[in-house]
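The values are calculated or read from the model by the stated rules, or taken from the named source; none is laboratory data. Here the structure is a predicted model, which means the values were calculated and not measured. Virtual Cβ from ideal backbone geometry, glycine too; neighbours counted across all protein chains shown. Please note that ligands, DNA and RNA were not included when accessible areas were found on the heavy atoms of the full protein model with its side chains. Shrake-Rupley method; radii C 1.70, N 1.55, O 1.52, S 1.80 Å.
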Amino acid sequence: MRYLAALDHDHLDNGIFLTALARSLAQQQQSDNNIRSIIVHTDSEYTERIIQTGVMREEATIRSLKDLNKRLVALLADEGVSTIGINPYKRNFITLKDGNLQLDRTFLENISDQPVLLISTLVQDLDRNKEISVELPKLLSFLQKELNSDELVIFSKSDKAEIFTNNMPSKISWESMDKEFRNVQIPDEFSKLNRRCYLTTAQDFGQFPSLENAILIVE
């Protein structure tokens, strides 16, 4: 089973969340050797801290993504999670041309037996011959389509939601989702995602592939 999980901007600056996520991934690997995880991350507030040193935003974003990828691999390794970190601009793994993303499947097949792939949003822009960061939802939608992943997982925005309680819905649609739920639970970057996915917490994520404590969001 292969799934995509998204690490949005705010969660990447939350040490408690990241530690819980690492432990959940370790729990998954211990319980099911057939799970293949693809974790996709954007940048974090670390970018702003780099900018404050006098670096321009575009360069700060690139530096932030590269550093975050390495730091996340190290964090996961501390919990015993075997991870390969990838900045997709390398070897033209994921490229952007005329506004369209493209994937080098050969490169992916050579590393697909690894349990966890950690992919940043840093791709190679062929038109400008430079690495750039693309929007997290755009990359997720592209990878979900290209890889035929079984599930897409996003994480609750609420810091209070360590686990979901019984009064939470088990299924909801993007169209019918009320404003309060969206504001409290959905990370800002996914306000216009509109794709089938599961919303869960870092702690409940350890039960995957069981999704009984997650909320299914449909189109």
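If I ignore ligands, DNA and RNA and count only protein heavy atoms, how much of K97 is accessible to a 1.4 Å probe, in Å² to the nearest 10?
So the heavy atoms of K97 present about 90 Å² to solvent.
Using the structure shown, list the pairs from K70/K90; K138/K179; K70/K130; K70/K171; K97/K171; K66/K157 with a Cα-Cα distance above 26 Å, or answer none.
K70/K171; K97/K171
Could you state the per residue volume, in Å³, of the convex hull enclosing the Cα atoms of region 18-67? Spell out each step's value before the answer.
Details: hull volume 3.8 nm³, N = 50.
Cα convex hull per residue, to the nearest whole number: 76 Å³.
Largest first, please: the extent of the C-alpha atoms of region 78-126 along each principal axis, to the nearest Å.
40, 20, 14
Taking R0 as 30 Å, what's the FRET efficiency between N148 and E59 from their Cβ-Cβ distance, rounded to 0.05?
Plugging the Cβ-Cβ distance into 1/(1 + (r/R0)^6) gives 0.30.
Using a 7 Å offset from the Cα along the Cα-to-Cβ direction at both R105 and L216, what is the distance between the two label points in nm, to one decimal?
Spacing of the two 7 Å Cα→Cβ label points: 2.8 nm.
Given only helices, namely DSSP H runs of n ≥ 4 each adding -39500 (n - 2.57), what is the per-residue ellipticity at 222 nm of the chain, to the nearest 500 deg cm²/dmol? Working shown, then result.
Numbers: 6 runs with 71 residues, N = 219.
Computed ellipticity for the chain at 222 nm equals -10000 deg cm²/dmol.
What's log10 of I(q)/I(0) for the chain at q = 0.10, 0.11, 0.13 Å⁻¹, Debye sum over Cα points only, no solvent?
For the chain, the Cα-only Debye profile gives -0.43, -0.52, -0.74.
Please arrange M168, M56, M1 by accessible surface area, largest first, computed with a 1.4 Å probe and ligands excluded.
These residues rank, largest area first, as M56, M1, M168.
Treating only the Cβ atoms of Lys and Arg (+1) and Asp and Glu (-1) as charged, compute the dipole magnitude of region 73-219 about its Cα centre; round to the nearest 20 debye.
380
What accessible area per residue comes out for the chain, rounded to a whole number of Å², with a 1.4 Å probe?
Per-residue accessible area for the chain comes out at 51 Å².
Give me the number: length gained by fully extending N194 to R182, i.e. 0.36 nm times residue separation minus the C-alpha to C-alpha distance, one decimal in nm.
3.1 nm
How much FRET efficiency would the formula 1/(1 + (r/R0)^6) give for S158 and A77, where r is the Cβ-Cβ distance and R0 is 22 Å, rounded to 0.05? Write down the numbers at each step before the final one.
On the way: r = 28 Å, r/R0 = 1.29.
Result of the calculation: an efficiency of 0.20.
By the scheme Lys and Arg +1, Asp and Glu -1, what is the net charge of all other residues having a beta-carbon under 11 Å from that of T19?
Taking every other residue near T19 into account, the sum is -1.
With every protein chain left in place and a probe of 1.4 Å, what is the accessible surface of D98, to the nearest 10 Å²?
120
Angle check, please: helix 57-78 long axis (alpha carbons) against the longest principal axis of the chain (alpha carbons), in degrees 0 to 90, nearest 10.
Value to nearest ten degrees: 50.
Give the distance, in whole Å, between the Cα centre of region 3-32 and the Cα centre of region 170-207.
About 16 Å separates the Cα centre of region 3-32 from the one of region 170-207.
Please calculate the 1.4 Å probe accessible area of E109, with all protein chains present, and give it to the nearest 10 Å².
That residue has around 130 Å² of solvent-accessible surface.
Could you tell me how many degrees, from 0 to 90 and to the nearest 10, lie between the Cα long axis of helix 136-147 and the main elongation axis, the longest principal axis, of the Cα atoms of the chain?
90
Could you please tell me the mean projected area of the C-alpha convex hull for region 37-118, averaged over all directions and given in square nanometres to one decimal? Mind showing how you got there, number by number?
On the way: hull surface 25.6 nm².
About 6.4 nm², averaged over all directions.
Round to the nearest 10 and give me the degree value, 0 to 90, for the angle of helix 15-31's Cα axis relative to the longest principal axis of the chain.
With both axes taken from Cα atoms, the answer is about 80 degrees.
Out of the DSSP beta bridges found with both residues in the chain, what percent are antiparallel (nearest 5)?
Of those bridges, close to 30 percent are antiparallel.
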